[in-house]
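Peer 1: Once you've had a glance at the structure underneath, I'll fire off some questions.
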Amino acid sequence: MTIRLATRSSRLAMWQTEHVAGLLTQAGFATEIVPMQTTGDIVQDRSLAKIGSKGVFTEELEQSLRRGESHLAVHSAKDVQSSIPADLELLAFLEREQVNDVVLSFDEDFSLDRPGIVLGTSSTRRKAQLRRFYPNASTAEARGNLQTRLRKLEEGQFDALVLAYAGVHRMGYEHLVRYELPTGQFVPATGQGSIAIECAASLDADLKTRLKAVLDHPATHTCLLAERAFLHTMEGGCSIPSFALATLSERGQVRLHGGLISLDGEEYVEEIQTADSPAGAWQLGTRVAEAVLARGGRQILDSIRSGRA
Ligand SMILES: NCc1[nH]cc(CCC(=O)O)c1CC(=O)O
């Protein structure tokens, strides 16, 4: 049988889906790629915080799963909302790529310490982290797929661009990387660097098991569970500057660093906790989020929401 893979049609999404197709082909499946446009691809003149964060990059792919027009949807895990509808299922998470953010510039001597620099980013998390750790920099909107953002950089709309290393690597833009931002300060967004595979809950159970065996990376899956539980309890979506990064030690301990930052970078609540085994990953995410909310995160969320209303 032929496994049909629904995907966004951006170059990064197509790269990721071809990667998935390659793994499936090696395992003896035939594949067909079904590219489509999502709201997030069509509406490019507004920031994601304004379009609304629910499923802007996923909904059209999910409709294709529901209609049975495709078997699997391939997403950047970061773009997947924290609650999946009951008729759908997150089947697998591919092995995570290097997870940090990077700074790209055409200027080989670019310095983050220079006064007055302008950095392109549309992520509320990155804007807030930059305000906190690089108050000398200001930010400018950089919506659009990676090629569009690179073009804006080339046109001089900003001095440098802040992006996830994962996408930069997959698109072959490493030669423009001037900084690898440390994950202790620039803690990434939930799911950054991993590819999520979604299917209809009604997909044949035996087929699900076989597909999962090919695609799922258990260590990544454990980390993503902890991060997604954090996001779920945070009720934030991508319009809220929350961050969460889980790591799994060789002894099977899960460590989660999660937190929340105010839009101006002034208020900062972070929490690091561990679970003794992967079985505790989801609970760990919930605990860390509850601790962050209790220690000042609730006020940060309230002030962001009242500012928007
Ligand atoms: N929201 C856009 C998005 N979704 C996934 C990636 C990069 C790839 C990844 O993190 O897996 C990006 C671009 C970016 O943040 O620079």
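Peer 1: What are the residue pairs meeting all of these: first residue in segment 77-88, first residue open to solvent by 40 Å² or more (accessible area, probe 1.4 Å), second residue β-branched (V, I, T), Cβ atoms under 7 Å, and 6 or more apart or on different chains?
Peer 2: From segment 77-88, the pairs are K78/T190; D79/T58.
Peer 1: State which residue pairs qualify: first residue within 24 Å of A246 (Cα to Cα) and hydrophobic (A, V, I, L, M, F, W, C) and inside segment 172-195, second residue within 13 Å of the ligand (Cβ to nearest atom) and part of a loop (DSSP other than H, G, I, E, B) in any location, beta carbons under 8 Å apart, and separation of 6 or more residues or different chains.
Peer 2: L181/N100; F186/N100; A189/S123; I195/L94
Peer 1: Please verify whether segment 271-283 includes one or more residues that are among the aromatic types (F, W, Y) and out of contact with any strand residue (DSSP E or B) (no Cβ under 7 Å at 6 or more places or on another chain). It would help to see each step written out before you state the result.
Peer 2: Filtering segment 271-283 down to residues among the aromatic types (F, W, Y) leaves 282.
Subsequent filtering for residues that are out of contact with any strand residue (DSSP E or B) (no Cβ under 7 Å at 6 or more places or on another chain) retains 282.
Yes, segment 271-283 has at least one match.
Peer 1: Turning to a different aspect of this structure: Give segment 144-163 a look and list any residue that's assigned to a loop (DSSP other than H, G, I, E, B) and either at pLDDT 95 or above or open to solvent by 20 Å² or more (accessible area, probe 1.4 Å) (or both), or say none. Before the answer, list the steps.
Peer 2: At the first step, the residues of segment 144-163 found to be assigned to a loop (DSSP other than H, G, I, E, B) are 144-145, 155-159.
Listed by number, the residues that qualify are N145, E155, G156, Q157, F158, D159.
Peer 1: Another question, then. Can you name every one of the helices (runs of 4 or more DSSP H) wholly within segment 1-85 that holds 1 or more residues which are at pLDDT below 90 and within 15 Å of the chain's Cα centre (by Cα)?
Peer 2: 39-42, 48-51
Peer 1: Residues being among the small types (G, A, S), surrounded by fewer than 22 Cβ atoms within 10 Å (Cβ to Cβ) and within 13 Å of the ligand (Cβ to nearest atom): count how many of those fall in segment 125-143.
Peer 2: Summing the residues that are among the small types (G, A, S), surrounded by fewer than 22 Cβ atoms within 10 Å (Cβ to Cβ) and within 13 Å of the ligand (Cβ to nearest atom) in segment 125-143 gives 0.
Peer 1: Given the criterion among the β-branched types (V, I, T), without any contact (Cβ under 8 Å) to a residue 24 or more places away in the chain and farther than 21 Å from L231 by Cβ, identify the matching residue among T148, T139.
Peer 2: Numbers: T148 fails: without any contact (Cβ under 8 Å) to a residue 24 or more places away in the chain.
Going through T148, T139 in turn, the sole match is T139.
Peer 1: Please determine, by comparing only the residues of segment 99-119 that are part of a loop (DSSP other than H, G, I, E, B) and either aromatic (F, W, Y) or within 16 Å of the ligand (Cβ to nearest atom) (or both), which one is most open to solvent (accessible area, probe 1.4 Å).
Peer 2: Start the filter on segment 99-119 by keeping residues that are part of a loop (DSSP other than H, G, I, E, B), which leaves 99-100, 105-117.
With the extra rule that they be either aromatic (F, W, Y) or within 16 Å of the ligand (Cβ to nearest atom) (or both), the set shrinks to 99-100, 105-106, 110.
Working: V99: 26, N100: 14, S105: 2, F106: 96, F110: 14 Å².
Among residues in segment 99-119 that are part of a loop (DSSP other than H, G, I, E, B) and either aromatic (F, W, Y) or within 16 Å of the ligand (Cβ to nearest atom) (or both), the one most open to solvent (accessible area, probe 1.4 Å) is F106.
Peer 1: Among the residues of segment 278-290, are any open to solvent by 20 Å² or more (accessible area, probe 1.4 Å), touching a Leu at 6+ places or on another chain (Cβ under 7 Å) and outside any helix (DSSP H, G or I)?
Peer 2: No, because not a single residue in segment 278-290 is open to solvent by 20 Å² or more (accessible area, probe 1.4 Å), touching a Leu at 6+ places or on another chain (Cβ under 7 Å) and outside any helix (DSSP H, G or I).
Peer 1: Something else: With S202, S122 as the choices, which residue is open to solvent by 20 Å² or more (accessible area, probe 1.4 Å), in a loop (DSSP other than H, G, I, E, B) and within 19 Å of N100 (Cβ to Cβ)?
Peer 2: On the way: S202 fails: within 19 Å of N100 (Cβ to Cβ).
Sole residue among the options that is open to solvent by 20 Å² or more (accessible area, probe 1.4 Å), in a loop (DSSP other than H, G, I, E, B) and within 19 Å of N100 (Cβ to Cβ): S122.
Peer 1: How about segment 227-255: which of its residues are part of a strand (DSSP E or B) and either at pLDDT below 95 or surrounded by 22 or more Cβ atoms within 10 Å (Cβ to Cβ) (or both)?
Peer 2: As a first pass, look at segment 227-255 and keep what is part of a strand (DSSP E or B): 242-248, 254-255.
Within segment 227-255, S242, F243, A244, L245, A246, V254 meet the criteria.
Peer 1: In segment 164-188, which residues are under 16 Å from D107 (Cβ atoms) and within 11 Å of the ligand (Cβ to nearest atom)?
Peer 2: Across segment 164-188, the qualifying residue is only Y173.
Peer 1: Only one of these conditions is not met by G191: (1) within 14 Å of the ligand (Cβ to nearest atom); (2) outside any loop (DSSP other than H, G, I, E, B). Which number is it?
Peer 2: (2)
Peer 1: I've got another one for you. Does L224 meet the test of being in contact with a strand residue (DSSP E or B) (Cβ under 8 Å, 6 or more places away or on another chain) and either surrounded by fewer than 24 Cβ atoms within 10 Å (Cβ to Cβ) or closer than 16 Å to S83 by Cα (or both)?
Peer 2: In short, yes.
The values are calculated or read from the model by the stated rules, or taken from the named source; none is laboratory data. For clarity, every value in this text was computed on a predicted model and none was experimentally measured. Cβ: placed from backbone, ideal geometry, glycine included. Neighbour counts: every protein chain shown. These area figures cover heavy atoms from the full protein model, side chains too; ligands, DNA and RNA do not enter into them. Shrake-Rupley method; radii C 1.70, N 1.55, O 1.52, S 1.80 Å.
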